[in-house]
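Report on one structure; see the data block that follows.
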Amino acid sequence: MSGRRIIQSVVWQGQICDCILEGDRIAELRPAEGDGSGGELLLLPGLIDCHTHLREPGQEHKEDIASGLAAAASGGFCSIFCMANTVPVNDNSAVTSMMLDTAARAHPRGPALHPVGALSRGLAGKELAPMHELARSGCIAFSNDGIPVSDSSLMRRAMEYSTDLQRPVIDHCEDSSLSPEGMISEGPVSDRLGLRGVPSICESIQVARDILLASYLDIPVHLAHISRRESVELIHWAKNKGVPVSAETCPHYLLWTEDRAVEYDPLAKVNPPLGTADDVTALRQAVREGVIDILATDHAPHAPFEKEVPLSRAPNGISGLDTALSLCWTLVQEGVLTQKDLVRLWCHAPARIFGLRANGFNPGDPADFLLFDPRDSWTPTAESMRSRGKNTPCLNQELPGRIRLNCRRGEVLYGQFPEGAA
């Protein structure tokens, strides 16, 4: 987009403002002219999702890059990270380049795709992937997400190499020896239902290992999809000690509990599994206070037929790009989070951790923004969701809020400018 454009009477941090764009940049954010009437749409910076699975190459029946980016655009995201557990694994420059080229062809205006390179070759956890090659090809971080790294020596070397490349390591925290074939959280619910459970320490043991490595090496590590109170307490302890650790959780861990398993619903089967009400309470406090730094979807789409099976046979994963902002808005409505918290968790903190530039609505900032209507609502259905993966527990349930416009560098990714935008 070229030229000057004014979006009038939008709400930014409780104030009714006019947002002035100059090409692909923010020119000015000023108090609204006139009587300040209107102010029905919230102005938010473009969201960043640091944890998605786009499935391409190799599993396009679940999702491909084009459909994943379309879901991101409709969900308010200007940038997303895609994990390396593709087929073949993204452990070489050829796969990374294919991902970036496919994204550029499918959605030349964005959202921006940032591949995450494999930490180990083939995600096998035996030897390091060619991290320099992956970084040069465009990978923003390294992770074995989906297959945890049990070898502490390999994890140490990955962290040491990553700091030279200025690309963080994202760790999937799970001691899988404790949870073979686990389906839901271990405890009274799993006992009552006769389902194999996953103990909460399965996650926290590896969280402790990573914290100790980060402390010993004085090298940052980012902890993915935190879901348990024990993990929150360890991260809180580490931050008080000055350990360079950051962490994420996902909307589903803030909203839903293991009780979803009572109906043996495969749509609620995820790894790590949904926790207890006490875990939800701890995580909500952690995101509010900054112990958990960011939110991420862990978008894990599956084809419908893959989830339409008994719980024991269903794959783990929840599709999250389409629904994330509306789900989080329920937390604002409940008073758990504020609009300012959402901006921090979905934009400014991810940008800081991973070295991206975020829109703070200062002159010269990138014109990455969205307009959100909190008065409206929508219902995720097989037709309304843009992701190929319809596997979410909130399918066919009305959700609050609706995205009216999503722009990256001033270019429309989804929706349209409101009437009267000059």
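The values are calculated or read from the model by the stated rules, or taken from the named source; none is laboratory data. What you see is a predicted model, and the numbers here were worked out from it, not measured in a lab. In this analysis, Cβ positions are derived from the backbone assuming ideal geometry, glycine residues included, and neighbour counts consider all displayed protein chains.
Considered as a group, the residues in segment 343-360 that are touching an Asp or Glu at 6+ places or on another chain (Cβ under 9 Å), touching a residue at least 60 places away in the same chain (Cβ under 8 Å) and not in a helix (DSSP H, G or I) include one that is surrounded by the fewest Cβ atoms within 10 Å (Cβ to Cβ), and that residue is Ala358. Taking segment 103-157 as the range and being part of a loop (DSSP other than H, G, I, E, B), over 21 Å from the mean Cα position of the chain (by Cα) and more than 28 Å from Val270 (Cα to Cα) as the test, the residues that pass are Pro108, Pro130. Residues that are modelled with pLDDT of 95 or more and over 15 Å from the mean Cα position of the chain (by Cα): which helices (runs of 4 or more DSSP H) entirely in segment 251-314 hold 3 or more of them? Qualifying helices (runs of 4 or more DSSP H): 277-289, 304-307.
Residues that are among the aliphatic types (A, V, I, L, M) and more than 13 Å from the chain's Cα centre (by Cα) within segment 72-102 comprise Ala73, Ala84, Val87, Val89, Ala94, Val95, Met98, Met99, Leu100, listed in sequence order.
Restricting the search to strands (runs of 3 or more DSSP E) fully inside segment 1-86 and requiring at least 3 residues that are more than 16 Å from Thr102 (Cα to Cα), free of Cβ contacts under 8 Å to residues at least 40 places away in the same chain and touching a helix residue (DSSP H, G or I) at 6+ places or on another chain (Cβ under 9 Å) gives an empty result. The single condition among (1) among the aliphatic types (A, V, I, L, M); (2) in contact with a Cys (Cβ under 6 Å, 6 or more places away or on another chain); (3) more than 15 Å from Asp368 (Cβ to Cβ) that Leu29 does not meet is (3).
Taking the listed residues Ser227, Ser190, the one that is surrounded by fewer than 24 Cβ atoms within 10 Å (Cβ to Cβ), in contact (Cβ under 8 Å) with a residue 40 or more places away in the chain and either of a type in the set (S, T, N, Q) or assigned to a strand (DSSP E or B) (or both) is Ser190, with no other qualifying.
For (1) in contact (Cβ under 8 Å) with a residue 12 or more places away in the chain; (2) under 20 Å from Gln59 (Cα atoms); (3) crowded, with 22+ Cβ neighbours inside 10 Å; (4) in contact with a Gly (Cβ under 9 Å, 6 or more places away or on another chain), each residue gets a yes or a no:
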site	(1), (2), (3), (4)
Asp91	yes, yes, yes, yes
Pro108	no, no, no, no
His114	yes, yes, yes, yes
Ser120	yes, no, yes, no
Ala141	yes, no, yes, yes
Arg157	yes, no, no, no
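Can you find a residue that is among the aliphatic types (A, V, I, L, M), modelled with pLDDT of 95 or more and under 25 Å from Thr297 (Cβ atoms) anywhere in segment 12-29? Within segment 12-29, not a single residue is among the aliphatic types (A, V, I, L, M), modelled with pLDDT of 95 or more and under 25 Å from Thr297 (Cβ atoms). Glu174 passes every criterion in (1) outside any helix (DSSP H, G or I); (2) among the acidic types (Asp, Glu); (3) surrounded by fewer than 22 Cβ atoms within 10 Å (Cβ to Cβ) apart from (3).
Within segment 193-207, work out how many residues are crowded, with 18+ Cβ neighbours inside 10 Å, of a type outside the set (S, T, N, Q) and either in contact with a Pro (Cβ under 6 Å, 6 or more places away or on another chain) or part of a helix (DSSP H, G or I) (or both). Count: 5.
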